[in-house]
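Novice: Provided herewith is a single structure, encoded as structure tokens, for subsequent inquiry.
The values are calculated or read from the model by the stated rules, or taken from the named source; none is laboratory data. As the structure is a prediction and not an experimental result, all values here were calculated from the model. A quick note on method: Cβ atoms are made from the backbone with ideal geometry, for glycine too, and the neighbour counts reach across all protein chains shown. Calculation scope for accessible area: heavy atoms of the full protein, side chains included, ligands and nucleic acids excluded. Shrake-Rupley method; radii C 1.70, N 1.55, O 1.52, S 1.80 Å.
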Amino acid sequence: MVLAAEFSASLGMIAQTDAERVAHHLAEVGLPTHLQDIAGFAQEGLADADALMTLMAQDKKVRRGRLTFILLEAVGRAVIARDVEPVTVRDFLKARLAGKN
């Protein structure tokens, strides 16, 4: 959820402060807010954007080879996005995995 909010912010769909609110709320209830916080993340070889993209390509929401994302127009208002370019996703993941905002 945090990545969806941050990705939405990077696409200009929501303000960065809204993405931060989502992350703060999830952290407050004890949920992981970074990919690296997920148990087994590094051991599974997932600390690489290309490996994540390969896994995402197997998701049930992939249609005709295109990834489908649930993104935010506002906090509490999600939309389905089927027109996100894979290179945009890969660049976003690389930046997040490198610790860049």
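Novice: List, please: which pairs have Cβ atoms under 6 Å, are six or more places apart or on different chains, and start with a residue in the range 18-37 that is farther than 15 Å from V75 by Cβ and at pLDDT below 90 and end with one that is part of a loop (DSSP other than H, G, I, E, B) and open to solvent by 30 Å² or more (accessible area, probe 1.4 Å)?
Specialist: Partner pairs satisfying both residue conditions: P32/I38.
Novice: Here is a further query. Could you look through the range 2-11, keep only residues that are in contact with a strand residue (DSSP E or B) (Cβ under 9 Å, 6 or more places away or on another chain) and aliphatic (A, V, I, L, M), and pick out the one that is least open to solvent (accessible area, probe 1.4 Å)?
Specialist: A5
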